[in-house]
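Below is one structure, written out as structure tokens; the observations come after it.
All of the numbers you see were taken from the coordinates with simple rules; none came from a lab. Note that the structure is predicted; figures quoted are calculated from it, not measured. Counting neighbours? That spans all protein chains shown, and the Cβs are built from the backbone with ideal geometry, glycine included.
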Amino acid sequence: MKPLRGNRNQCTACNERFNSNYPFEMHRIGQHGVDRRCMTKEEMFAAGMSLNADEFWISETKEQRKRRSREYINAEESTGTV
Ligand SMILES: [Zn+2]
């Protein structure tokens, strides 16, 4: 198998591929040694995760990230001295 570049990784349990460690950690739910398992695709979509153009799971879309950073900037501005 070709090595995955950067932070990209593939889950050995469900074979889904992830764009970074963050969405990978997100899809592992339950408690270690108790009911640890992978989320299903439906659960991942429900959690706000999505697939990027290369079909790697991401924790949020570019649009969501952009909107979040805009909200952050707005929050910064509102707390600053006016
Ligand atoms: Zn998995």
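With 65, 28, 37 as the choices, which residue is of a type outside the set (A, V, I, L, M, F, W, C) and more than 14 Å from the chain's Cα centre (by Cα)? Reasoning before the result, please.
Details: 65 fails: more than 14 Å from the chain's Cα centre (by Cα); 28 fails: more than 14 Å from the chain's Cα centre (by Cα).
Only one candidate qualifies: 37.
Check whether at least one residue in region 37-59 is β-branched (Val, Ile, Thr) and either more than 12 Å from the ligand (Cβ to nearest atom) or touching a helix residue (DSSP H, G or I) at 6+ places or on another chain (Cβ under 7 Å) (or both), and report yes or no.
yes
Screening residue 34 against (1) in contact with a Cys (Cβ under 9 Å, 6 or more places away or on another chain); (2) away from the ligand (no atom under 14 Å from the Cβ) leaves a single unmet condition, (1).
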